[in-house]
Amino acid sequence: EAGVAQSPRYKIIEKRQSVAFWCNPISGHATLYWYQQILGQGPKLLIQFQNNGVVDDSQLPKDRFSAERLKGVDSTLKIQPAKLEDSAVYLCASSPDEINYGYTFGSGTRLTVV
Amino acid sequence: AQSVAQPEDQVNVAEGNPLTVKCTYSVSGNPYLFWYVQYPNRGLQFLLKYITGDNLVKGSYGFEAEFNKSQTSFHLKKPSALVSDSALYFCAVRDPGTYKYIFGTGTRLKVLA
């Protein structure tokens, strides 16, 4: 079974620039999550999709972050404009059943804002 | 406030010795509890979960965890550590009220040969 694919692996941008991350979940997984993991901290949920609908985006900074999952499969997360404090690893995860199977995480995209 | 605490930033253990990685939580109601492992440059991998039932749950790679409701703890254990177990371990709890997952700050396990 292929895992959760994320790209790019690394990205360095200047503050106030925009950036986009891509995630392709495991085939058949209806639920997709984006997490932000700042160095030294645990992952923090940004947004949760169920198919192509948003279930929870309460912790997404909507003034600069946006995410979509148009066809209920892959997803993009965008930051515009980026701030220094956005430097983190952005993790995508998917699950067919988050209680019985937990999540499967991708390798993440490490963003550095300079 | 709902929270998860991993009191140790790093745990060192000799290969072949038993290991324990500690986790305590604070949520109202009956939580769902999880352990994940993160190897360098890899995503988090699901190890095990506690939903209900037997307080001792077994997971992947020989790991197990003990749920203790009175102490609000869910410590990760393994009887005999391997060098390959060296990684970053995260405890997580699903808040039964909001259904959100809350992750701890992680504990780096170093198994010495």
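Can you list the residues in the stretch B:29-69 whose accessible area drops by at least 50 Å² when all protein chains are present, compared with the chain alone? Use a 1.4 Å probe, heavy atoms only. Flagged in the stretch B:29-69: B:Asn41, B:Leu44. For A:Gln50 and A:Asp74, the difference between the fully extended length at 0.36 nm per residue and the C-alpha to C-alpha distance is 7.5 nm. Solvent-accessible area lost on pairing B with A (1.4 Å probe, both sides summed) amounts to about 1500 Å². Please list, by residue number, every one of the trypsin sites (Lys or Arg not before Pro) in the stretch B:34-79 that is coil in DSSP and has at most 16 other beta-carbon atoms within 10 Å. Filter output for the stretch B:34-79: B:Arg42, B:Lys69. By accessible area, using a 1.4 Å probe on protein heavy atoms only, chain B has 49% of its surface on carbon and sulfur. Computed over chain A with a Gaussian network model linking Cα atoms closer than 10 Å, the most mobile of A:Phe49, A:Phe21, A:Phe65 is A:Phe65.
A simple spin-label model places pseudo-atoms 7 Å from Cα toward Cβ; at B:Ser60 and B:Ser28 they are separated by 3.5 nm. Rounded to whole numbers, the Karplus 3J(HN,Hα) couplings from phi for the stretch A:86-94 are 7, 4, 5, 9, 9, 9, 10, 9, 9 Hz, using 6.51 cos²θ - 1.76 cosθ + 1.60 with θ = phi - 60°, and x at Gly and Pro. Label separation (A:Gln17 vs A:Leu39): 1.9 nm, computed from points 7 Å beyond Cα along the C-beta direction.
If you wrap a convex hull around the Cα atoms of the protein assembly as shown, how much volume per residue is inside, in Å³?
126
Considering only A:Leu111, A:Phe49, A:Val4, the residue lying farthest towards the positive end of the dipole of chain A is A:Leu111, judged by Cα position with unit charges set on Cβ. When you filter the trypsin sites (Lys or Arg not before Pro) in the stretch A:37-85 for DSSP loop state and at most 13 other Cβ atoms inside 10 Å of their Cβ, you are left with A:Lys62, A:Lys71, A:Lys83.
Just so you know, the Cα atoms of the stretch A:42-100 work out to an Rg and Dmax of 12.2, 38 Å.
Each listed q (0.17, 0.18, 0.21 Å⁻¹) maps to a log10 I(q)/I(0) for chain B from the Debye sum over equal C-alpha point scatterers, namely -0.75, -0.84, -1.13. Computed about the Cα centre, the dipole magnitude for chain A is approximately 480 debye when only Lys and Arg (+1) and Asp and Glu (-1) carry charge, each at its Cβ.
When only alpha carbons are used to place a centre, the stretch A:65-103 and the stretch B:83-104 end up 17 Å from one another. Pair-distance distribution P(r) for the stretch A:1-59, from all Cα-Cα distances in 5 Å bins starting at 0: 4, 14, 19, 25, 22, 11, 4, 0 percent. What the Cα convex hull of chain A gives, in volume per residue, is 96 Å³.
Which percent of the accessible heavy-atom area of chain A goes to carbon and sulfur, probe 1.4 angstrom? Answer for chain A is 49 percent, counting heavy atoms of protein chains only. Shape class of the stretch B:54-110 from the Cα gyration tensor (axes a ≥ b ≥ c, square roots of the eigenvalues): oblate, since a/c reaches 1.5 or more and a/b does not exceed b/c. Accessible area per residue for chain B is 48 Å², calculated with a 1.4 Å probe on protein heavy atoms, without ligands, DNA or RNA.
Across the stretch B:80-87, computed HN-Hα scalar couplings (Karplus, 6.51 cos²θ - 1.76 cosθ + 1.60, θ = phi - 60°) run 9, 6, 10, 4, 5, 7, 4, 5 Hz from first to last residue, x flagging Gly and Pro.
Let me have the relative contact order for chain A, percent, based on Cα pairs under 8 Å that are six or more residues apart. Display every interim value, and only then the final one.
On the way: 283 pairs, mean separation 42.0, N = 114.
Computed over chain A, the figure is 37 percent.
For the stretch A:1-26 versus the stretch A:33-54, the spacing of their alpha-carbon centroids is 13 Å.
The values are calculated or read from the model by the stated rules, or taken from the named source; none is laboratory data. Worth saying up front: this structure is predicted, and the values here are computed from it rather than measured. When we count neighbours, we look across all protein chains shown, and the Cβ atoms used for this are built from the backbone with ideal geometry, even at glycine. To get the accessible areas, we keep the full protein, side chains included, count just its heavy atoms, and leave off ligands, DNA and RNA. Shrake-Rupley method; radii C 1.70, N 1.55, O 1.52, S 1.80 Å.
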